[in-house]
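Throughout, read-outs are computed from the coordinates displayed, never taken from laboratory work. Note that the structure is a prediction, hence the values are computed from the model and not measured. Cβ placement follows ideal geometry from the backbone for every residue including glycine, while neighbour counts extend to all protein chains displayed.
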Amino acid sequence: MENGLLTAAEIGKIFADKKAILEGHFVYSAGGHGDVYVDKSEITFWPYETGVLCEDIARQWHKENIEVVIGPAIGGIKLADRVAEWLAKFTGKVIPALYTEKDSDGNQVLKRGIDKIRGKNTLIIEDIVNTGGSLKDTIRACSIFGAKIIGCHALVDRSSGKVTAETLGVQIFLALKEMDVVNYNEDKCPLCEAEIPINTDRGHGAKYLKKHPEKANWK
């Protein structure tokens, strides 16, 4: 593996300049609460910044004989496409970018491009890693069709070290930015105890408040 060219400070500046890291009271996709939210859309809205970050990811993998790049819907789709583009430039190979999508049960499944992944060295690209559930789901979905999962790379790892290559069952797991973020259970959330208003513009706050209307009037 090669190192990327961007420093941690440079990556942090991209996130800061695009206001992609927010503070407040948020409900995360897995149900936990926390005071920090990473809005990856504020990065992927911008082609230049997305390209810079994806180039750095591709630079770290261009000697690993990657043949396919795949990302879980929705957040990983655009990233996988740009990483595949950069890998093609670095290696001179034609590298397809695929994606998994959610079925009616919320599981990631591969419906398109199955013939392009059989027996191929595959890199999985994710936007934000919290519990690693989406990555594990994508690994399973690809492995069913004989993909050789070489590794996984995330834009941001928020798992505070809980998600590793070992827990994912792959050889390599990397992230451009790592964050130590406390994830509270809702019944032990100090933000709820302090009645700090829940953000409804980001994360799953609006959905949560429909089930807990008594918390909607906190000010």
- prompt: Within the range 122-167, which residues are of a type in the set (A, V, I, L, M, F, W, C) and either surrounded by fewer than 20 Cβ atoms within 10 Å (Cβ to Cβ) or in contact (Cβ under 8 Å) with a residue 60 or more places away in the chain (or both)?
  reply: LEU123, ILE125, ILE128, LEU135, CYS142, ILE144, PHE145, ALA147, ILE150, LEU155, VAL156, ALA165
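Report those strands (runs of 3 or more DSSP E) wholly inside the range 3-98 carrying at least 3 residues which are among the aromatic types (Phe, Trp, Tyr).
Working: elements: 21-27, 33-38, 68-72.
Here the list is empty.
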- request: Could you grab me the full set of residues in the range 91-106 that are surrounded by 15 or more Cβ atoms within 10 Å (Cβ to Cβ) and out of contact with any strand residue (DSSP E or B) (no Cβ under 9 Å at 6 or more places or on another chain)?
  value: THR91
statement: Residue hits (the range 174-219; surrounded by fewer than 16 Cβ atoms within 10 Å (Cβ to Cβ), under 26 Å from the mean Cα position of the chain (by Cα), among the basic types (Lys, Arg) and more than 17 Å from GLY31 (Cβ to Cβ)) are none
statement: Note on the range 1-30: residues within 19 Å of the chain's Cα centre (by Cα), crowded, with 16+ Cβ neighbours inside 10 Å and not aliphatic (A, V, I, L, M) are GLY4, PHE15, LYS18, PHE26, TYR28
statement: How many residues of the range 40-88 are closer than 23 Å to LYS120 by Cα, touching a residue at least 12 places away in the same chain (Cβ under 8 Å) and hydrophobic (A, V, I, L, M, F, W, C)? The answer is 16
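Out of the range 113-125, which residues are touching a Leu at 6+ places or on another chain (Cβ under 7 Å) and not β-branched (Val, Ile, Thr)? Reasoning before the result, please.
At the first step, the residues of the range 113-125 found to be touching a Leu at 6+ places or on another chain (Cβ under 7 Å) are 113, 116-117, 124-125.
GLY113, LYS116 - these are the residues of the range 113-125 that are touching a Leu at 6+ places or on another chain (Cβ under 7 Å) and not β-branched (Val, Ile, Thr).
Considering only the range 186-208, state which residues are of a type in the set (A, V, I, L, M, F, W, C), without any contact (Cβ under 8 Å) to a residue 40 or more places away in the chain and either touching a Lys or Arg at 6+ places or on another chain (Cβ under 6 Å) or not in a helix (DSSP H, G or I) (or both).
ALA194
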